[in-house]
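Working notes, structure below.
Rule-based calculations on the coordinates, nothing more; no lab input. Quantities reported herein were computed from a predicted structural model and do not represent experimental measurements. Cβ placement follows ideal geometry from the backbone for every residue including glycine, while neighbour counts extend to all protein chains displayed.
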Amino acid sequence: MNALETTHATAPATHPAGSARLARTFRLLLRREYWEHKGGFLWAPLIAGGISLLLRIMAAIVGLVLLNRAVADGDFQINGIDIGMLTREMSPSDAAQLAQGLDWSLMMSAAWPLIVLAFVVFFYCLGALYDDRKDRSVLFWKSLPLSDTQTVLSKLASAVVVAPVIAVLAAMATMFASLVLMSLLVLAFGGNPVTLLWGPASPLRIVLAMLAWIPVYAVWALPTVGWLLLCSAWARSKPFLWATAVPVITGLLVSWFDIMQLFELGSGWFWRNVVGRLLLGTVPGVDVIYRSTEIAAGGDAERAEHLLSLGWMYSTFLQPGTWIGALAGVAMIALAIRLRRWRDEG
């Protein structure tokens with residue numbers, strides 16, 4: 001009786017300890033992925049943001065040189081222009097256009113690290129399970145008290161959470177650095193950056209939109225990440241060729257034999273919803289073209305409003321195709337876990 005009481009008393013206490021141990025192991029696996037791929041996760045988006053800033057600085061220098069030459073040649077006259085006057089004399093429509101232009105400029109400057117993210121995640125997933133088998137380090141990791149499920153899920157979390165978070169932080173830093181650069185130019189011409197730039201622009205709203213976009217990316221990228229991890233776990237060699245050739249060749253066959261007509265659908269549906277979802281899910285913002293035609297139909301102001309609207313952004317979770325693709329991604333990830341359990345050849 002005492003032994004039973006002792007067992008029942010200690011059982012609840014060991015469960016939290018086991019959960020804490022699993023959480024600690026998972027954090028260590030995430031840390032391992034980060035340090036092994038620090039160049040892609042951290043430095044690649046930072047370098048992309050730095051290149052974006054460098055190009056803006058070069059453009060500003062070239063613009064100032066051309067302006068000074070025009071003044072020296074008498075082709076352009078500047079007589080103590082105070083560009084702060086532009087803000088005071090703007091009509092409401094002009095002010096709205098200025099704000100819209102600034103927001104687009106800030107979003108474009110922040111896009112560089114996110115573009116790099118597409119390539120980083122794509123090739124990281126392709127090599128995530130294949131590289132361990134290629135150099136036979138998988139044998140070492142299998143000798144540790146780590147399950148295949150934990151290992152694959154840590155790679156999944158690195159692809160859809162860790163990498164996007166770092167890229168978004170790099171994009172935010174690039175955006176604010178670009179805004180500071182524009183502020184210095186405005187100051188150089190006697191303007192007030194607060195009223196001319198920081199007031200009309202919406203940097204905080206853009207930051208909120210980028211942070212809110214991370215869960216959308218994580219769910220939308222699941223089919224592509226699942227497919228790439230599956231190819232990484234299965235392919236004996238050249239996982240990139242298998243990952244790209246299989247969907248593309250299948251799409252060509254479907255188009256050639258017009259198979260989708262059996263379902264009263266065009267071949268374009270297959271390319272869009274199967275090939276596209278398998279290969280383009282790591283591209284930030286690609287989900288926009290699947291959700292609505294409003295962005296294409298509207299003007300610049302409407303496009304910016306849609307991209308920054310949290311309600312419109314999260315409407316992707318109301319689309320059945322989002323969850324069908326996510327379930328397909330989860331199924332492929334589960335298959336990748338099973339493949340890793342026995343496919344450890346070099």
Query raised in the report: Nearest 0.05, what FRET efficiency do Phe257 and Val161 give at R0 = 35 Å with Cβ-Cβ as r?
Result: 0.30
Report task. Please work out the Cα center distance from the stretch 40-56 to the stretch 240-268, rounded to the nearest Å. Result -> 37 Å
Requested in this report: Quickly rank 116-126, 180-190 as a protection proxy: mean count of other C-beta atoms within 10 Å, highest first.
Outcome: 116-126, 180-190
Query raised in the report: What is the Cα centroid distance between the stretch 306-334 and the stretch 195-210, reported in whole angstrom?
Result: 27 Å
